[in-house]
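Peer 1: What follows is a structure written as structure tokens; I'll ask about it next.
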Amino acid sequence: MKNIRITLSLSLLTISLAISCSTAPVKWYKPGTSQATFTRDKADCEEALLSTGTTQRTKELYSLEGCMEAKGYTAIPLSSQ
């Protein structure tokens, strides 16, 4: 029983570390897009993701980027600017 708890704890720690490393802030870029269009596109993605029934954190990590990329945006890490 103790080995299972240790394994579970290490697994959760590994997953948490992986998630925290992959959530660097980004700036979305799409040539020729106005701020108003970007705001509408991002709101559309967020609204669609809220209807998925998963947690907000899961939506941000796994879905927002995919939705924005499908709309033609590129994620640029803020650390690279």
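Peer 1: Across region 43-81, which residue is modelled with the lowest pLDDT among those that are of a type in the set (S, T, Y) and not in a helix (DSSP H, G or I)?
Peer 2: Kept after step one, since they are of a type in the set (S, T, Y), are these residues of region 43-81: 51-52, 54-55, 58, 62-63, 73-74, 79-80.
If we keep only those that are not in a helix (DSSP H, G or I) as well, we get 51-52, 54-55, 73-74.
Numbers: S51: 71, T52: 66, T54: 62, T55: 66, Y73: 96, T74: 95.
Among those that are of a type in the set (S, T, Y) and not in a helix (DSSP H, G or I), it is T54.
Peer 1: If P31 satisfies every condition in (1) at pLDDT 85 or above; (2) in a loop (DSSP other than H, G, I, E, B); (3) under 14 Å from the mean Cα position of the chain (by Cα) but one, which is the exception?
Peer 2: The single condition P31 does not satisfy is (3).
The values are calculated or read from the model by the stated rules, or taken from the named source; none is laboratory data. No experiment lies behind these values; they were computed from the predicted model shown.
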